[in-house]
Structures are given as structure tokens and as C-alpha cells.
Amino acid sequence: MLRVLAWIDRALGALLKPVVFAGMAGLSLVITLQIVSRVAFTSVPWTEEVARFLLIWTTFLGATLAFQQGRHIAVSILRDRLPPLPRRIVALAGTLVILAFLVMLAIIGTRYMNVQSFQRSPSLRLSMFWVYAVMPVSAVLMAVLAVIDVVRILAGKELRDAPGELAE
């Protein structure tokens, strides 16, 4: 079971890396187009919206990738000084709190996404449903990773501290 979970963990990372990279590359291109068009001629009206929406999606998916790689800020000085069993208990409690937050974010994000679904963006006329969909999507992905962490902690495996993917 741990091998399957490690495979899911790696697969999510392998999926998120190129998506976040493409989002950043697209954001760079759109902002460059926006700057060049303003300097050279009349600005292209949709570039500001696309840049904003790309930034939102890239931020949320980048946060998910950072969670997968154990790169979020953490104050672990107390936990690291504990003996192994209390360290695992504290790590489990912290991961369960994170999981509860992510479940609530997914629920609230879904509600917000549905409430805003009637609204359209000014330039692209895109349903705001698609812009806000990243909240529940990223929350669910991070919750899956948190569940993997809970199973690993209960199995006595290493914590997701150091940057990098989980070993099998």
C-alpha cells in the first residue's frame, strides 16, 4: 500500500511540475505582450485578465507542488527535539489539522466557485467558475497528499520534511 501511495505522490508531483512551469511561462509571455503592446501601440485588452487568471492558478497549483515537496514554511524546532514516538504524535496531530483545513477549503471553495459561476469576466467573457475552480482542486490535491502523510506517519515512515519526493 505504501508503494501505491508513494507512486501517487510522485505522479502528482510529475503532473504539477510541467503545469506550474507552463503557467509561469504563459504568465511571462502574456505580461511581455502586455508591456510591448502598451509601448508600441494600443494595449491588448485581454492580457490583463489572462495574466491575473494565470497568476491565480499558478499560485494555487504552485502551493500544491510546494506541499508535495515539503517546501512550505514550518517551525519544527520543538518537534525535532522530541523522541521518536512523541515526534510522530505531534507530526500526526499537525497533519490532521492541515487535513481538516484543506477539507474546509475544498468545501468553501466549491461553494464560492458555484456562487460566482454566473459571473463572466469583462474581456474574455469567461465564466468565473473556471477561475475559482482552482481553490477546491488544489485543496483536494493537497488533502490527498496529507492523507498520504497520515498513512506514512501511522506506518512509522519518515516525515515529509526535506524537499523532494517520498521514497517507497
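Nothing in this text is a laboratory measurement; each read-out follows from the coordinates by a stated rule. This structure is a prediction, so every number in the text was calculated from the model and none was measured. Note that each Cβ is placed from the backbone with ideal geometry, even for glycine, and that neighbours are counted across all protein chains shown.
Could you order peptides 144-150, 45-51 by the average number of other Cβ atoms within 10 Å of their residues, highest first? Before the final figure, lay out each step's value.
Working: 144-150: 20.4, 45-51: 17.1.
For the peptides 144-150, 45-51, the packing ranking is 144-150, 45-51.
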Legend entry - Residue-wise HN-Hα coupling along the range 81-98, computed from phi with Karplus coefficients 6.51, -1.76, 1.60 (Hz; x: Gly, Pro): 8, 7, x, x, 5, x, 4, 5, 5, 5, 5, 5, 4, x, 5, 5, 5, 4
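Give, in nm to one decimal, the length gained when the segment between ARG52 and MET1 is fully stretched (0.36 nm per residue of separation minus the Cα-Cα distance). Don't jump to the answer; show the numbers that get you there.
Details: separation 51, 0.36 × 51 = 18.36 nm, distance 4.02 nm.
Using 0.36 nm per residue and subtracting the Cα-Cα distance, I get 14.3 nm.
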Inset, instruction - Rounded to whole Hz and in sequence order, give me ³J(HN,Hα) for the range 104-111 from the Karplus expression 6.51 cos²θ - 1.76 cosθ + 1.60, θ = phi - 60°, writing x for Gly and Pro. - result: 5, 4, 5, 5, 5, x, 5, 4
Inset, instruction - Only helical DSSP H runs with n ≥ 4 go in: add -39500 (n - 2.57) per run for the chain, normalise by residue count and round the 222 nm mean residue ellipticity to 500 deg cm²/dmol. - result: -25500 deg cm²/dmol
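Taking the square root of 5 times each eigenvalue of the Cα gyration tensor, what semi-axes in Å does the equivalent ellipsoid of the chain have, largest first?
Working: eigenvalues 277, 64, 36 Å².
Over the Cα atoms of the chain, the semi-axes work out to 37, 18, 13 Å.
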Inset, instruction - Step through the residues of the range 53-67 one at a time and calculate ³J(HN,Hα) from phi using the Karplus curve (6.51 cos²θ - 1.76 cosθ + 1.60, θ = phi - 60°), rounding each to whole Hz and writing x for Gly and Pro. - result: 5, 5, 5, 4, 5, 5, 5, 5, 6, x, 5, 5, 5, 4, 5
